[in-house]
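As structure tokens, the structure follows; a few thoughts come after it.
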Amino acid sequence: MSRTMTPVHFSGAQRLLHWTMAAGIVAMLFIGVGMISTVAPSYVPLVATHKTLGVALFALVLVRLALRVTLGAPPLPADLPPVMRLGAVLSHWALYGLMIVMPLLGWAMLSAAAYPVVLFGDIRLPPILPQSDSLHTLLWAAHRWLAFAFFALILLHVAAALFHALVRRDGVFEAMSPLPQRKTMPER
Amino acid sequence: MSRSSSRSPFVPLAVIAMVVAGSAAAFAYTAGWLSPERLTPSRLVAALAPPGGPALGHRRNHAKGICFTGEFQSNGNGMALSKAKVFTPGAWPVLGRFNLATPSPKAADATVRVRGMGLQITTPDGDVWRSAMIDPPIFAVSTPQAFYDLLGSAPKGPEAMKAFIGRHPEFMAFAGWAGSAPWTSSYAEDPFNSLNSFLFTDAAGTTRAVRWSLRPAATQMPITPEELARKGPNYLEQEIAQRVAGAPQRWTMVVTVAEPGDNTADPTKAWPQGRRTVEVGTLVVNKVIAEPDGPCRDINFDPTILPRGISVSDDPFPAARSSAYARSYDLRTSEAKDYPRTPVSGSAKP
Ligand code: HEM
Ligand code: HEM
Ligand code: HEM
């Protein structure tokens, strides 16, 4: 089997990061839209959670990208149609881009509004921009619309992952499976 | 390849469609898009708008105001209640805003019963304490939902207000204050009260519920609203600018400590007389600056922006206010072009 030479799945660290971050990002999206639509007492802890988790995810995505660059990714199946291959590559880089940009936009938006950026544990982050109403407006809109784009892209990503797992059954899902894997895939 | 062409893809495709549709529905539900009856900050802020619509570029409430700077001179007494740096002896820079509780920046002074103060104290440890206080001794309603009800009822006339008071009898205490408390012709003569309860935590870790007030050093010179009206629609801003130019104006900050059993969750309920009070320092206002290009313009005096040693209590208002003020801030900063930074000529502002 030629496949024993190339990795058939992401490393354990990459899979762990993928799934913890997936849970974190889904939580961020739900907390985000939930908090800005409530005036209940939970508003205060929800906002604190959103900021803290968002900054933590930013730290994690840097580690994740470093792993991606050093360890690479298993190849996509050879019989994958070119359109799907292109879609996979583009959507994965878009997801990485959003994982980096969203927390920075949140932090920058708070800075541009002269809000102190306070996380759980009394961690205080410095402002990364001066106060500016035009910048705040721009960043606020970007954080909001890119969050919706992020959610839409994740839905597409999940649909594609399940398509690989349930319809094509081509080992792509197993490559990122949350469960420990054998070194090589059985016949695929 | 074991992928069998005999398997129908229908079931897996239906599963995928259900996962996607279910996730999208859960997201829409969380965002409140499926529950139009939910009290969102957008609805609360929209309800504040006067009949002609909101004044673009301005705060959605307390829209008429003027900036000030100064310092908070802490005497150290507050250290017995909170470990916040602001209560250690010293003088900390202050930024604030005198304001009128109206959604209209052009309202005449004598038409607005409630006056407010936005205050920010910054300490060298990087902590920021913001608060927005008003002059009545108690608030009008017990809950944010009731405030929304009040905003919906007040414009509909006396019958609707009677029905509102039937639902919220606690409003009568505030109505009593509004009808009988003296008016003044100066912000410098007005007290400003937190009304909401917060928690102070001292260095030993003991937490106490408190409210605070700024008591004016200037003597109150009562005036009728008619007399105030005769002085002009923007008298208060002219007066405070002149007065502060002549001499700094002072307020004593007094912290009142709740006793077990005191109602900390309802700002319409004053605590009984005789509660422990601590004078923690003096607010000194020494400069007044017009709002259009002043330092308070783009500040949100969100009452949940607190230093270490102060936190929110079981009072539901600070959270609701934080949510609503953020919405107001998002809106008004995005409308900056409708509120030029330089005062338009002919403006009565000093
Ligand atoms: C993975 C990262 C993040 C995601 C996916 C995310 C997502 C969201 C979403 C969905 C909303 C609601 C938008 C709306 O419906 O208008 C939101 C709002 C918000 N986010 Fe984030 N966010 C992230 C990171 C951050 C970070 C790191 C901060 C701050 C340090 C932050 C601060 C905020 C704030 C302040 C709002 C409220 C904005 C407003 O005034 O309407 N976010 N976010
Ligand atoms: C919720 C947020 C999620 C984000 C931000 C995300 C992001 C990513 C990214 C960036 C990659 C590309 C990895 C690389 O090539 O370096 C990837 C791969 C993958 N993801 Fe996700 N993911 C999320 C959720 C999910 C979910 C819920 C599933 C499953 C239902 C899933 C299944 C997969 C699979 C199977 C791969 C491997 C694709 C391949 O072999 O190239 N992901 N994900
Ligand atoms: C749920 C109830 C309340 C709502 C919806 C509400 C709404 C608002 C809004 C939208 C603003 C403008 C914020 C901005 O754009 O920066 C504002 C300002 C203000 N509010 Fe409230 N408010 C509420 C309760 C209170 C209470 C209880 C107090 C006093 C104890 C108060 C005192 C003030 C003051 C003094 C300002 C002006 C702050 C400044 O100068 O920027 N409000 N309010």
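Taken over the range A:32-50, the criterion of being in a helix (DSSP H, G or I), over 15 Å from the mean Cα position of the chain (by Cα) and within 8 Å of ligand 1 (Cβ to nearest atom) is satisfied by A:33, A:35, A:47. Are any of the residues in the range A:95-113 within 13 Å of ligand 1 (Cβ to nearest atom), outside any helix (DSSP H, G or I) and at pLDDT 95 or above? Looking for residues that are within 13 Å of ligand 1 (Cβ to nearest atom), outside any helix (DSSP H, G or I) and at pLDDT 95 or above, one finds at least one in the range A:95-113, hence yes. Remark: residue B:302 falls outside the filter, which requires a residue to be acidic (Asp, Glu) and either touching a Pro at 6+ places or on another chain (Cβ under 8 Å) or facing chain A (nearest Cβ under 7 Å) (or both). Counting only residues that are near ligand 2 (Cβ under 8 Å from one of its atoms) and among the hydrophobic types (A, V, I, L, M, F, W, C), which one in the range A:6-28 is modelled with the lowest pLDDT? Per the criteria, the residue is A:10. Scanning the range B:123-139 for residues that are more than 14 Å from every other protein chain (Cβ to nearest Cβ) and charged (D, E, K, R) yields a count of 1. Evaluate the following for residue B:334: is it among the small types (Gly, Ala, Ser), buried (at least 17 other Cβ atoms within 10 Å of the Cβ) and touching a residue at least 40 places away in the same chain (Cβ under 8 Å)? So residue B:334 does not fit the description; no.
Checked against the criterion of being basic (Lys, Arg), within 14 Å of chain A (Cβ to nearest Cβ) and surrounded by fewer than 16 Cβ atoms within 10 Å (Cβ to Cβ), the range B:307-326 contains not a single residue that satisfies it. Scanning the range B:36-49 for residues that are in a loop (DSSP other than H, G, I, E, B) and either at the interface with chain A (Cβ under 9 Å from one of its Cβ atoms) or at pLDDT 95 or above (or both) yields B:38, B:39, B:40, B:49. If you check B:295, B:307, B:318, B:303 for being more than 16 Å from ligand 2 (Cβ to nearest atom), part of a loop (DSSP other than H, G, I, E, B) and closer than 26 Å to residue B:46 by Cβ, only one passes: B:303.
Kindly indicate which of B:277, B:224, B:268, B:256 is touching a Lys or Arg at 6+ places or on another chain (Cβ under 9 Å) and more than 30 Å from residue A:110 (Cβ to Cβ). One residue alone meets the criteria, B:256. Remark: residue B:278 matches the filter, which requires a residue to be more than 20 Å from the chain's Cα centre (by Cα), away from ligand 3 (no atom under 14 Å from the Cβ) and in a strand (DSSP E or B).
Report, by residue number, each residue of the range A:155-182 that is more than 10 Å from ligand 2 (Cβ to nearest atom), aliphatic (A, V, I, L, M) and in a helix (DSSP H, G or I). Within the range A:155-182, A:156, A:166, A:167 qualify.
Residue check: residue A:84 meets all listed conditions (1) near ligand 1 (Cβ under 8 Å from one of its atoms); (2) modelled with pLDDT under 95 but one, namely (1).
As for the range B:281-289, it holds no residue that is over 19 Å from residue B:196 (Cα atoms) and without any contact (Cβ under 8 Å) to a residue 12 or more places away in the chain. Cβ-Cβ distances below 8 Å connect the following pairs, each with a first residue in the range B:14-31 that is surrounded by 13 or more Cβ atoms within 10 Å (Cβ to Cβ), a second residue that is of a type in the set (S, T, N, Q), and a separation of six or more residues or different chains: B:29/B:35; B:30/A:37; B:31/A:37. Per the conditions (1) over 13 Å from the mean Cα position of the chain (by Cα); (2) within 16 Å of ligand 1 (Cβ to nearest atom); (3) assigned to a helix (DSSP H, G or I), the sole criterion not satisfied by residue A:57 is (1). Being of a type outside the set (Ser, Thr, Tyr), touching a residue at least 60 places away in the same chain (Cβ under 8 Å), in a loop (DSSP other than H, G, I, E, B) and crowded, with 19+ Cβ neighbours inside 10 Å holds for only one residue in B:70, B:78, B:57, and it is B:57. Comparison of A:63, A:33 shows that the only residue that is closer than 30 Å to residue A:126 by Cβ, in contact with a helix residue (DSSP H, G or I) (Cβ under 9 Å, 6 or more places away or on another chain) and within 14 Å of chain B (Cβ to nearest Cβ) is A:33. The residue list A:44, A:83 contains one member that is within 16 Å of ligand 3 (Cβ to nearest atom) and of a type in the set (A, V, I, L, M, F, W, C), which is A:44. Scanning the range A:114-171 for residues that are without any contact (Cβ under 8 Å) to a residue 12 or more places away in the chain, buried (at least 17 other Cβ atoms within 10 Å of the Cβ) and more than 9 Å from chain B (Cβ to nearest Cβ) returns a single hit, A:164.
The values are calculated or read from the model by the stated rules, or taken from the named source; none is laboratory data. Predicted model only: the values in this text are computed from it and were never measured. In this analysis, Cβ positions are derived from the backbone assuming ideal geometry, glycine residues included, and neighbour counts consider all displayed protein chains.
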